[in-house]
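J.: This structure is in structure tokens; I'll ask about it shortly.
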Amino acid sequence: RVFVFAGWDGACATLPAPQVTVISPPAQGDVSFRPGQETTIAGSATETCAGKRATGTGVYYTARAGAAGSDRFAVEARLASGETSARIFEVRIAD
């Protein structure tokens, strides 16, 4: 599963990709980012953009060899406007 950070304007047009950083690293894995990932907007403040497509930066987690159980990390995205959004991810590591 992939989470995509994206920003859009009032007309639902994609804004330039946000700057994404790890603010709390995972204990058992690594986080990487891939710009240019497409997603469907699940919801927006006015709901006018819900269901529209947007392009942003994908967040990917890779467990290290020998990792087991679950892991947790936090990421922050900052748009050029200065607006920020943070998200905590909890992942279950597959056997």
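The values are calculated or read from the model by the stated rules, or taken from the named source; none is laboratory data. All values derive from a computational prediction rather than experimental measurement. To get the accessible areas, we keep the full protein, side chains included, count just its heavy atoms, and leave off ligands, DNA and RNA. Shrake-Rupley method; radii C 1.70, N 1.55, O 1.52, S 1.80 Å.
J.: I'd like the Karplus ³J(HN,Hα) series for region 77-87: coefficients 6.51, -1.76, 1.60, θ = phi - 60°, whole numbers in Hz, and an x wherever there's a Gly or Pro.
T.: For region 77-87, the Karplus curve yields 10, 10, 6, 4, 6, x, 5, 10, 9, 10, 8 Hz.
J.: Read phi for every residue in region 12-24 and hand back ³J(HN,Hα) as whole Hz from Karplus 6.51 cos²θ - 1.76 cosθ + 1.60, θ = phi - 60°, with x for Gly and Pro.
T.: 3J(HN,Hα) across region 12-24, in whole Hz: 6, 7, 5, 8, x, 3, x, 7, 10, 9, 7, 9, 8.
J.: Mind grabbing the accessible area of ASP9 for me, 1.4 Å probe, Å², rounded to tens?
T.: In the full protein context, ASP9 sits at about 60 Å².
J.: Considering amide H positions built from the backbone, and no H for Pro or chain starts, which residues 5 or more places from GLN28, or on another chain, come under 5 Å of its amide H?
T.: It is ARG72, by chain and number.
J.: With every protein chain kept in the model, how would you rank ARG72, ARG92, ARG78 by accessible area, 1.4 Å probe, largest at the top?
T.: ARG92, ARG72, ARG78
J.: Spelling out what I want: for every residue of region 29-40, take phi, set θ = phi - 60°, compute 6.51 cos²θ - 1.76 cosθ + 1.60 (Karplus), and round to whole Hz; glycine and proline get x.
T.: These are the phi-based 3J(HN,Hα) values: x, 10, 10, 10, 10, 10, x, x, 8, 8, 8, 9 Hz.
J.: Here is a further query. Tally up the carbon and sulfur contribution to the accessible surface of region 21-81 as a whole percent, 1.4 Å probe, everything protein left in place.
T.: Heavy-atom surface of region 21-81 belonging to carbon and sulfur, 1.4 Å probe: 50 percent.
J.: Accessible area per residue of the chain at 1.4 Å probe, in Å²? Mind showing how you got there, number by number?
T.: Details: 6060 Å² over 95 residues.
Per-residue accessible area for the chain comes out at 64 Å².
J.: May I ask you to work out the translational diffusion coefficient for the chain at 25 °C, viscosity 0.890 mPa s, via Stokes-Einstein with Rh from the Kirkwood sum over Cα pairs, reported in whole µm²/s?
T.: 173
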